[in-house]
Amino acid sequence: MDIKRKTLVVILVVLVCQASLAQNYQLHSVYIYSFIKYVEWPDRNSGDFVIGVYGDSPMTDHLKKMAAAKKAGDQRIVIKEIDDIQKLKGLHILFVPDAKSEEFDVISQNLDGSNTLIITESDGLGQVGSNINFVEKSGKLRFELNRSAMDKQNLKVSSELTKLAILI
């Protein structure tokens, strides 16, 4: 295979992987919107419903599209891009992308008892305290739900959601 064909094959593989990742984040955003319906926050009905994305992630664009078209009950959904751990307060949901997973312990400590639903996408974070952790099982997007972490954040989960989750 000559260099031009090899280059073309590499470019095609990269494009297919990026398209697959974009579809995956679109599905993540659909799941996150569903979580809003099946999780109960103690302070839910005051102001906007705020979802934060920690760091740079393609998830932000998908969540912004969702927020433009949907509401959380009667509340407007606001998406915040967060680049500083000190600015994590006041969120209903925080999405921590894989690239920021090494900071999970500090993030978790900062949000301890804050009623924030912490959603991650890295293997093992469900076991160490993420409320919901996206995983891929048999080529399908699934999610782990850590019930003790939910209790720690004072979040109540409906039985419908627990039936769909991989319980930890």
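The values are calculated or read from the model by the stated rules, or taken from the named source; none is laboratory data. These numbers come from a predicted model, not from an experiment. A quick note on method: Cβ atoms are made from the backbone with ideal geometry, for glycine too, and the neighbour counts reach across all protein chains shown. Note: areas computed on protein heavy atoms with side chains; ligands, DNA, RNA excluded. Shrake-Rupley method; radii C 1.70, N 1.55, O 1.52, S 1.80 Å.
Which of the residues that make up region 130-164 are in contact with a helix residue (DSSP H, G or I) (Cβ under 8 Å, 6 or more places away or on another chain), within 24 Å of Asp43 (Cβ to Cβ) and open to solvent by less than 20 Å² (accessible area, probe 1.4 Å)? Selection gives Ser130, Asn131, Ile132, Phe143, Leu145, Leu161. Applying the condition of being over 14 Å from the mean Cα position of the chain (by Cα) and in contact (Cβ under 8 Å) with a residue 24 or more places away in the chain to region 108-128 and asking which residue is most open to solvent (accessible area, probe 1.4 Å) yields Gln127. Filter region 67-97 down to the residues that are part of a helix (DSSP H, G or I), open to solvent by less than 80 Å² (accessible area, probe 1.4 Å) and either of a type in the set (D, E, K, R) or at pLDDT below 95 (or both) and list them by number. Within region 67-97, just Ile85 meets the criteria. Only residues that are of a type in the set (Val, Ile, Thr) and assigned to a strand (DSSP E or B) were counted across region 134-168, and they come to 3. Residue pairs whose Cβ atoms lie under 7 Å apart, separated by 6 or more positions or on different chains, with the first residue in region 61-72 and farther than 15 Å from Lys37 by Cβ and touching a residue at least 12 places away in the same chain (Cβ under 8 Å) and the second open to solvent by 90 Å² or more (accessible area, probe 1.4 Å) and assigned to a helix (DSSP H, G or I), are His62/Gln26.
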